[in-house]
Amino acid sequence: MKIVIIGGGTSGIAVATHLRRMNEKAKIVILEKNNDFAHVRSMLPYLLFGDIVSSNDIIAASVEQMQRIFNIKVKTSHEVYKIDHKNKKVFIKGKPTETYDKLVIATGSLQARPNIDGVLSEGIFDFKSVNDVNNIKKYLSDNPVQNIVIIGSNKLALKLALGFAKQNFSVSVITKEDFVLPMFDNDIISELDDFIAKIGINIYTESEICSFANNQITLKNNISVDYDLAIFAPEQTPNSVLAANSELKIGKHNGVITNEYMQTDNNDIYACGSVVEAKDKITGKNCIPINSSYATKQAKVVADHICNIAKPINDFIDCEIINLQNIIIGRCGANEKDLQKNNIPYHKIFLRHYDKSLCFADTKQNVFKLLFSAQGKILGLQICGEHGISERINAVWAQIMHNGDIYDLINEIISFDDPLNMPKDPLNTLGSLAKEIVEGRLKTISISELKENMFLMDTRSQHNFEHDHLPNAVNLPLNAIRDNLHSIPKDKKIVLYCNRGYGAYLAYRILSQNGFNNLFLLFF
């Protein structure tokens, strides 16, 4: 059997190596259109800023290693432009055709520049290969550069911006989105505002570029941004041109449509990675999974199925951890935009929780946001903080994968050891608060819903209240509530808040058992 794989990225290599482990006799060929092979793209910023010294250090496997260790033939500079289904062969620019028994399309994603006046000017770069990194380094060494503009709003764009700012460049980020990292919700991203402002990055949101000229970028709102060097780091789109030209089924997100075994509408042609559309477990709709971990899972399904082992791919659950030097942000499942777009009803709660015992001087707050259904099904989690983010995101991802609910969060166990965390984990507290909402014992409200005729009660200490508090708030510390029940109005909506949310929740429980019915817990 001969298997031809088009694409030498994460999913293509994963298909090839797993196939070899399953079948020693198969002939396996990888066709890669570029000279670069198996470079880990997520490592490119670290190569640019010198955290990784050599491009050889970000190679998953060399052409020689693939041949020597796996007996897999890798052919670089082989760009496939046509697939002949009937005769089972592929046509390659300037090269002989390749025949196949099974074909795998793993062409990944595209990062294309928009058609804007001056977009091909000197000093404007893409950021998708080692060659791009080398070109940017050379330009920096050969030219006086002070103003750097990053175009995009994703993880790559922000990491580039932070890296250049750390090297004392003047850095701006331009995006069409309402805010950076739009895969998160704005109320979680707002936790980064002080961090980004302190670093000194200028962010232009809801901004569309009209032109590049004379080292200035002109935006549609008549704002001009100076630049000496600009880098495009936009969202990637599926590189499905070959599949579309070969009359394979393409979805509304421009990705290849496959079945649960990653087969296209031609049973001998498979597709995997970011060129494929996947079913989102939360929304039930198709999406493009730009996720290396999921790509490798798809690749294993492809290899298994070629070897007559039928193990279907799981629905996709998005999961992401972004390390931004001194702060980490993570998410899994859906965000509010996903749920609203797909008309999925939901509740949300926020929790500010210390990342370790208050006995330690370096204790910091993490901010949690949980989305869940009226029945308690977990829909999504987002966290922003400095420590303990990844293990909690991964734990909730596993809960969503197994159809977990808020009651599972109450029973979730995160390994305990001072000073890493506390015996009662914030996930347990989130589950408990969500349970109160689902079972009708707790009502919540957001800052945008506050009205002047509401009684806004700050349950923190007098010292904390005097340092900072919300406008029109009345201070009644938690430990003084029982002695001052007579001073709390019963004819108004009472809104309770504190620093973290838990103290206000305790106040809520006290009042609810003392004849107060019109209570709300404020989340912000």
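The values are calculated or read from the model by the stated rules, or taken from the named source; none is laboratory data. Small disclaimer: the values here were computed from a predicted structure and weren't measured. Cβ placement follows ideal geometry from the backbone for every residue including glycine, while neighbour counts extend to all protein chains displayed. The protein model used for the area step is the full one, side chains on, heavy atoms only, and it has no ligands, DNA or RNA in it. Shrake-Rupley method; radii C 1.70, N 1.55, O 1.52, S 1.80 Å.
Structure notes:
- For the stretch 493-502, a residue qualifies if it is open to solvent by 20 Å² or more (accessible area, probe 1.4 Å) and either at pLDDT below 95 or part of a strand (DSSP E or B) (or both), and the qualifying residues are 499, 500, 502.
- Leading residue by the ranking (surrounded by the most Cβ atoms within 10 Å (Cβ to Cβ)) among those in the stretch 221-273 that are without any contact (Cβ under 8 Å) to a residue 24 or more places away in the chain and part of a strand (DSSP E or B): 250
- Candidate set: the stretch 119-138, residues that are part of a helix (DSSP H, G or I) and surrounded by fewer than 16 Cβ atoms within 10 Å (Cβ to Cβ); chosen: the one modelled with the lowest pLDDT: 131
- Checked against (1) modelled with pLDDT under 95; (2) over 27 Å from residue 3 (Cα atoms), residue 228 passes all but condition (1).
- Residue count for the stretch 441-477, restricted to those that are open to solvent by less than 40 Å² (accessible area, probe 1.4 Å) and in a helix (DSSP H, G or I): 1
- Tally of residues being under 29 Å from residue 234 (Cβ atoms), of a type in the set (A, V, I, L, M, F, W, C) and surrounded by 15 or more Cβ atoms within 10 Å (Cβ to Cβ) across the stretch 91-118: 6
- Verdict on residue 58 being open to solvent by less than 10 Å² (accessible area, probe 1.4 Å), touching a Phe, Trp or Tyr at 6+ places or on another chain (Cβ under 9 Å), touching a residue at least 40 places away in the same chain (Cβ under 8 Å) and β-branched (Val, Ile, Thr): yes
- Only listed residue being within 22 Å of residue 502 (Cβ to Cβ), among the hydroxyl-bearing types (Ser, Thr, Tyr) and open to solvent by 10 Å² or more (accessible area, probe 1.4 Å), chosen from 363, 283: 363
- Of everything listed in (1) within 24 Å of the chain's Cα centre (by Cα); (2) modelled with pLDDT of 95 or more; (3) buried (at least 17 other Cβ atoms within 10 Å of the Cβ), the single unmet condition for residue 353 is (2).
- Pairs, first closer than 14 Å to residue 334 by Cβ in the stretch 176-188, second not in a loop (DSSP other than H, G, I, E, B), C-beta under 6 Å, six or more apart: 184/331; 184/382; 185/336; 188/369; 188/382; 188/384
- In the stretch 166-191, residue most open to solvent (accessible area, probe 1.4 Å) [restricted to those that are of a type in the set (A, V, I, L, M) and within 15 Å of the chain's Cα centre (by Cα)]: 183
- Yes/no for residue 517 being open to solvent by 30 Å² or more (accessible area, probe 1.4 Å) and either of a type in the set (D, E, K, R) or more than 21 Å from residue 429 (Cα to Cα) (or both): yes
- Some residue of the stretch 48-55 being under 25 Å from residue 236 (Cα atoms) and open to solvent by 70 Å² or more (accessible area, probe 1.4 Å): yes
- Matching residues in the stretch 393-413 - criterion: being touching a residue at least 40 places away in the same chain (Cβ under 8 Å) and either touching a Lys or Arg at 6+ places or on another chain (Cβ under 8 Å) or surrounded by 18 or more Cβ atoms within 10 Å (Cβ to Cβ) (or both): 393, 396, 397, 400, 401
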